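Just so you know, all these numbers are worked out from the coordinates, no wet-lab data involved. Quantities reported herein were computed from a predicted structural model and do not represent experimental measurements. Backbone-built Cβ (ideal geometry, glycine too); neighbour counts: all protein chains shown.
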Amino acid sequence: MRKYIGKIITAVIILAVVGVIALYAYRTIKERNRIYDSYEVKSESEIKSGAGVKVVVGDNSIVRYTRDGISAYNASGKEIWNVSYEMSDPIVDICGDYAAVADKGTVNFYILDSKGTVHKYAADRKIENLSVGGKGVTAIWMNDGLKDYISVYDIDGNKAVDMMTTTAEDGIPVALDMSPDGTKLVTSYVVYQDNVIKNQLTFYNFGDKGANFVDRLVGLKTYTDRLVSVIRFAGNEAVAAFSDKGVDLFSMDVTEEDAGTITPEGTIEQMSVDKSHVGLVLKDAQGKFSCHIYNLKGKEVDKKDLDMKYKHFLVKGEDIIFCGGTNLYITRIGRNDKIKTEMPMEINGVFPADGKRSYTIVGENKLTKIELKASKK
């Protein structure tokens with residue numbers, strides 16, 4: 001009898017555990033696919049407005065900059081740091097807790113950390129572009145009128161790498177990007193050789209794994225049919241190279257290896273990259289817009305038709321975010337929409353605050369944190 005009762009108790013416990021797991025799975029799936037029809041304002045904070053404001057949404061912060069200064073805010077809209085300067089043509093890049101800003105055509109540049117500490121330095125020559133990586137490691141592309149130079153500085157201003165290229169031999173730099181951990185750099189050059197215009201991608205590894213390579217050059221890719229104008233790291237090892245032909249994908253543990261190719265049917269209007277995906281907004285021959293999401297091997301994992309072209313486009317986690325004017329549209333990769341609504345403000349950017357229902361909306365003169373709401377029906 002005791003054995004029989006013991007079996008019944010064991011069965012009841014197993015059924016109870018299975019029931020709890022099933023209920024949790026049901027609620028999780030329901031929440032992950034919930035459609036929201038409204039939002040609640042959780043907090044608002046004033047920010048300085050100004051002409052020509054530009055917004056960059058990073059992994060940990062929102063950065064706003066103008067010709068007069070640059071500031072960063074966290075997901076709750078609290079100001080992290082604020083730096084004033086006078087620049088005629090600021091160029092900005094952010095990575096994690098770090099930001100780099102320079103006045104194009106001058107020698108002045110700043111590296112900023114999460115505490116707002118300002119590290120101001122002067123490059124050797126006039127700055128054309130820059131890219132910041134982890135720990136504030138920053139690649140500076142410079143030009144003296146005859147030659148181009150790429151120098152890599154750490155946050156203390158020490159020059160870790162110094163490379164010189166000539167137009168005749170190496171071509172003209174077009175794009176560059178530093179990896180999030182600050183150990184890898186990819187550049188794009190256009191060079192005229194043997195009566196042919198070529199596009200060369202160069203891959204550098206400044207970490208321990210690249211120590212055995214001459215000049216830390218671990219890969220070289222040459223094209224004669226395309227021009228890579230934008231380079232983006234997706235994590236520390238995946239690289240997306242955007243050209244007029246599409247997107248070439250590479251893996252870069254030590255050296256460069258081909259990972260895949262994206263050949264879109266249409267014109268690339270916008271692009272976004274996160275740690276797992278490449279997103280493209282395409283325009284077809286009929287003038288219609290669509291969003292396509294690919295994995296880092298180049299396989300399409302989602303497609304969504306759009307009723308308009310939005311000013312801003314961001315892929316982050318499971319979210320695909322579109323905004324512009326007063327329109328806000330958030331959908332999910334491989335699943336249904338989250339919300340499509342209008343807000344009483346001009347939207348300059350959206351920051352996913354928690355990866356679920358909370359978002360910080362960047363307006364002209366304030367940051368608004370909202371939480372998505374769904375009707376009980």
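Numbers at a glance
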item	result
Calculated P(r) of the stretch 119-193 - Cα pairs past 16 Å, %	46 percent
Net charge of Cβ neighbours under 14 Å - reference LYS115; Lys, Arg +1; Asp, Glu -1	-1
GluC sites (Glu not before Pro) lying in DSSP loop within the stretch 209-318, provided at most 16 other Cβ fall within 10 Å	GLU265
Value of Rg/Rh across the stretch 280-377 [Cα atoms, Kirkwood radius]	0.98
Inter-label distance for GLU364 and LYS245, nm, one decimal - labels placed 7 Å from Cα along Cα-to-Cβ	4.5 nm
Links that overshoot a 29 Å alpha carbon limit, given the list LYS104/LYS340; LYS78/LYS338; LYS159/LYS366; LYS54/LYS135; LYS135/LYS299; LYS147/LYS184	LYS104/LYS340; LYS159/LYS366; LYS135/LYS299
Helix-only mean residue ellipticity at 222 nm for the chain, each DSSP H run of n ≥ 4 adding -39500 (n - 2.57), per residue, nearest 500	-3000 deg cm²/dmol
Charge context of LYS283, other residues only, Cβ under 10 angstrom, K/R +1, D/E -1	0
Cα→Cβ-extended label distance, 7 Å offset, between SER88 and GLU300, nm	4.6 nm
Enclosed volume per residue, in Å³, of the convex hull spanned by Cα atoms of the stretch 171-325	123 Å³
D_trans [Stokes-Einstein, Kirkwood Rh over alpha-carbon pairs] for the stretch 323-363, 37 °C, 0.692 mPa s, µm² s⁻¹	306 µm²/s
Using alpha-carbon coordinates, inclination of helix 2-32 to the longest axis of the chain, degrees	50 degrees
Coil-residue trypsin sites (Lys or Arg not before Pro) of the stretch 54-127, DSSP, other Cβ within 10 Å capped at 13	LYS78, LYS115
Share of pairwise Cα separations in the chain, more than 39 Å, in percent	24 percent
Volume per residue that the Cα convex hull of the stretch 254-335 spans, once the total is divided by residue count, Å³	97 Å³
